[in-house]
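Working notes, beginning with the structure itself.
Where a number appears in this text, it was derived from the coordinates with a stated rule and is not lab data. Predicted model only: the values in this text are computed from it and were never measured. With ideal geometry, Cβ positions are generated from the backbone for all residues, glycine too; neighbour counts draw on all protein chains shown.
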Amino acid sequence: MRVPFFWKDLKKPKLVRIKCIEKEGAEYDDDSHDWTCKLNFFHSVVTFALDEVGRMSILNRHKRSFNRSKYLRVEKQLQDENQILFITFYEETHHNATYKIENQSKHVHIEYHQKDFPQNTQILLPEQSQIYAWSNPRDTEYKITCKFFGGEASNPANQQNLQIDIEPDDLELNEKLELPGNFWQGGGRKARFLYIYTMTNGYSKILVFSDISQEAMARKRNL
């Protein structure tokens, strides 16, 4: 569906915020999702400018269940023949996501969120993957803060953990993180490594955490 959009007050900043409606075909706000991008308990909202869009991914958080949150891709297209600006919203899935996080490790748990915005923290268990989108699309530093913890316990607060900030847009990323000896409960080894790298699959940028290096993975695929 296409609808025209006009600014009601040209004296105010040309900024917008959006929210999803969960009920199919609804013509009213069903109050299922927060406005983009609610960042704290005082209901402050981050808006974005249509002329800054280009292409971005935004998290629209569900009010009652984070797992029902929407991952949106926003694209701007200018038609040359009539100079009409089209802003298009797409729901992202695992097949067409702008960003994905893959935890290919068999042991490491990952807790992650956009840097400086821990309100939307998620946990990725071993051998799981998830779509990622920005909590604040107007941030000047697009990084993901990741904490790593190991063992069988599900609560990261009970374990020694490591924390780093990662740029998922850095397609040259290829790091080797040494884990402390007591990181592995009952593992029997003094230290292991976690390999962190980025790769692409079509349109998607994928941030990978693995027990083996990217080079070793490539050799394994070629066997």
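So for S135, S57, fewest C-beta neighbours within 10 Å to most, what's the order?
Ordered by Cβ neighbours within 10 Å, fewest first: S57, S135.
Which lysines does K115 reach when only Cα atoms under 17 Å apart count, and residues fewer than 8 places away in its own chain are ignored?
Qualifying lysines at Cα under 17 Å: K38, K100, K143, K147.
So for H107, H62, fewest C-beta neighbours within 10 Å to most, what's the order?
Result, fewest neighbours first: H62, H107.
If you wrap a convex hull around the alpha carbons of the range 60-143, what volume per residue comes out, as a whole number of Å³?
126 Å³
Ranked by Cβ crowding within 10 angstrom, fewest neighbours first, how are K76, K205, K8, K106 ordered?
K8, K106, K76, K205
Where in the range 98-134 are there GluC sites (Glu not before Pro) that are in a DSSP coil and have at most 14 other Cβ atoms within 10 angstrom of their Cβ?
Answer by residue number: E127.
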